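Undergrad: This structure is in structure tokens; I'll ask about it shortly.
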Amino acid sequence: MSRQPTDDEIISEVGPLIEAGDIKALYLVASKKIQEILKRLTDRICEGVDGTKADASLVIRTIARKSEEALTSVIYCVEGGHNYAATGLLRPICEELIFAKFLRSLHRADADEYVKLRSILDIHEGISAQGRFFSE
């Protein structure tokens with residue numbers, strides 16, 4: 001497990017950015033810190049998960065992992081000067097986090113049933129669409 005930075009180390013890193021008024025660099029440093037925390041969290045919650053059982057817990061873990069990976073990509077884009085490309089990754093993250101909040105608002109059994117039924121519906125719709133496409 002990685003060592004946690006001390007308050008003094010954090011202040012020494014962000015202090016000059018604050019003093020210089022470099023808000024963009026400050027946001028980038030903050031985003032990297034959030035990404036580090038999210039990476040440790042997702043590594044922990046995704047360890048040893050049974051991916052064969054589609055339930056609300058698996059969906060929320062998947063959303064957490066996808067969000068962590070998308071944030072990492074956003075940071076790479078911004079560091080490379082591709083800010084516009086990074087914006088395309090933000091909306092899916094937000095939509096999935098809203099969906100995770102919805103799932104967490106339900107009782108666990110109801111959330112699991114919703115995921116099960118939604119999965120069946122998505123599979124049915126996908127197969128039907130492919131059938132229509134390939135029969136033309």
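Undergrad: Just to verify a result, which residue in the stretch 74-95, among those that are surrounded by fewer than 16 Cβ atoms within 10 Å (Cβ to Cβ) and of a type in the set (Gly, Ala, Ser), is farthest from residue 25 (Cα to Cα)?
TA: 88
Undergrad: Right, here's the next one. Within the stretch 96-123, count every residue that is among the small types (Gly, Ala, Ser) and surrounded by 11 or more Cβ atoms within 10 Å (Cβ to Cβ).
TA: Residues flagged as among the small types (Gly, Ala, Ser) and surrounded by 11 or more Cβ atoms within 10 Å (Cβ to Cβ) within the stretch 96-123 amount to 3.
Undergrad: Anything in the stretch 43-67 that is assigned to a loop (DSSP other than H, G, I, E, B) and either touching a residue at least 24 places away in the same chain (Cβ under 8 Å) or touching a helix residue (DSSP H, G or I) at 6+ places or on another chain (Cβ under 7 Å) (or both)? List them, or say none.
TA: Hits for the stretch 43-67 are 49, 51, 54, 55.
Undergrad: Continuing with the same structure: Using beta carbons and a limit of 9 Å, which pairs, at least six apart or on different chains, have the first residue in the stretch 19-33 and under 19 Å from residue 73 (Cβ atoms) and the second one assigned to a loop (DSSP other than H, G, I, E, B) and modelled with pLDDT under 85?
TA: 33/5
The values are calculated or read from the model by the stated rules, or taken from the named source; none is laboratory data. Only a predicted model underlies this, so the values are computations on that prediction, with no experimental measurement involved. Glycine also receives a Cβ, built like all others from the backbone with ideal geometry; neighbour counts cover every protein chain displayed.
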